[in-house]
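Have a look at the structure below before the remarks.
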Amino acid sequence: MSDDDYDDAPRPSKRPKLFTEFDCPECSANNPASDGFRVGDEVTCMWCALTWRVRATDDGFKLVPA
Ligand SMILES: [Zn+2]
């Protein structure tokens, strides 16, 4: 077991930030993501059903067509 296995300790810039909502680029709907998502994940808009890939930006993330 290594120290890296502990999830509860704050480790800035150690792990990708977990986001909990996104605004769909297609229909502008706000989608809560109860399970959370990270850069590199794919998210699906619950309103228009389009799937987006999460890309990192300086101020958070953006969504590009998957
Ligand atoms: Zn949408």
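No value in this document is a laboratory result; all are computed from the given coordinates. All values derive from a computational prediction rather than experimental measurement. Positions of Cβ are generated from backbone atoms using ideal geometry, with glycine treated the same way; all protein chains shown enter the neighbour counts.
Among the residues of region 13-66, count how many are touching a Gly at 6+ places or on another chain (Cβ under 7 Å), in a strand (DSSP E or B) and exposed (fewer than 15 other Cβ atoms within 10 Å of the Cβ). Residues that pass the stated criteria total 1. Taking region 41-63 as the range and being under 17 Å from residue 29 (Cβ atoms) and of a type in the set (Val, Ile, Thr) as the test, the residues that pass are 43, 44, 51, 54.
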